[in-house]
1. Any idea how far apart D174 and S60 come out in nm if each label point goes 7 Å out from Cα toward Cβ?
2. Among L84, L44, L147, L265, which comes first, then next, by fewest other beta-carbon atoms within 10 Å?
3. List the pair-distance distribution P(r) of the chain, using every Cα-Cα distance, as the percent of pairs falling in each 10 Å bin from 0 up to the bin containing the longest distance, rounded to whole percents.
4. Using only alpha carbon pairs under 8 Å that are at least six residues apart, calculate the relative contact order of the chain and give it in whole percent.
5. For a quick check: with amide H placed at 1.01 Å from N, whose amide H comes under 5 Å from E35's, ignoring anything fewer than 5 positions away on the same chain?
6. Name the residues of region 196-223 whose amide N is less than 20 Å from a point 7 angstrom out from the Cα of E27 along the C-beta direction?
7. Rounded to the nearest 500 deg cm²/dmol, what is the calculated helix-only ellipticity per residue at 222 nm for the chain, with -39500 (n - 2.57) per DSSP H run of length n ≥ 4?
8. Apply the Karplus curve 6.51 cos²θ - 1.76 cosθ + 1.60, θ = phi - 60°, to the phi angles in region 161-172 and return the couplings in whole Hz, x for Gly and Pro.
Amino acid sequence: MKKIIFVSMHNTCRSFMAESILRQYLEDTHRTDIEVISRGLVVLFPEPVHPKAADLVRQSGIKIIDFKASQLTQEEVEESDLILTMSDDQKEKVLSEYHGYKEVVTINEYANNPGGVIDPYGMDEEAYEKCFVQITQFMQKIWNEKLGGNNMIGIGCDHGGYALKQAVIKHLQDKDYAVKDYGCYSEESCDYPIYGKAVAKGIQKEEIELGILICGTGIGISIAANKEKGVRAALCSDTFSAKATREHNNANILAMGARVVGEGLALEIVDAFLETKFSNDERHIRRINMIEE
């Protein structure tokens, strides 16, 4: 799990806004691979969030958690994967006063945007609104370009595919793919159509870009997925088929049989499927349209 900390001076405004925005992105897309918190560099007591900041977050439709300002600790720094500060001086303070961090960068640097986030403390509502807009724009870019956005990989299985699914998830996360696990979550006997349709509906709702399904043979779960409109689930047991179905059929779900392919070959098939793009050739587009009719 990736752990992100947003840091501002007192943790009552800017870092709270950034945390709230990312938390909502994660909730809306059912992402569980990222943990997000916000902290301050000078927090003398657990002060509540600034009312103007809370109002802006609430008015944008973002759910507000029970929030109190908290001091950044050394333990949190060591456990984090990414620390995003609101300004250059805050970044320097983290670098000089803490150790054991993996990555410390300003939020605008991470979003590849010039200029830091304005500090609205003590200013009027217009300044708070400008600050919120800045953070919202930075977070949208970070979400889409750095954190996978909605272009994540959905994965599902039945009990027969559970062990292989866990290996595939680890493989994907090691390669920095964002993964959404639709279940099942144990080797207890279950019904494959539930999970085949869950991933298929994730494709339909654009929660995920591509999917992976695993059952004993891969047959039943792919049939279930293909009942859903717009889904093209391809059962593959070799890398050639995985590449071909992406190039020619623009398949959006890969299906595999855990009792057919071993873990090593399965991971190679996954790589071939995910790394191959649709050809966009006219003849293949025509044939895909015929499938959809």
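What follows is calculated from the coordinates using simple rules that are stated; it is not laboratory data. Values in this document were obtained by computation on a predicted structure and should not be read as measured data. A quick note on method: Cβ atoms are made from the backbone with ideal geometry, for glycine too, and the neighbour counts reach across all protein chains shown.
1. Result for the modelled spin labels: 3.7 nm.
2. Taking fewest neighbouring Cβ atoms as first place, the list is L44, L265, L147, L84.
3. 6, 25, 26, 19, 17, 7, 0
4. For the chain, the relative contact order is 13 percent.
5. Result for E35 returns K2, K3, I4.
6. In region 196-223, the label zone of E27 (backbone N under 20 Å from the point 7 Å along Cα→Cβ) covers 207-208.
7. -14000 deg cm²/dmol
8. Along region 161-172, the couplings run x, 4, 4, 5, 4, 4, 5, 5, 4, 4, 4, 5 Hz.
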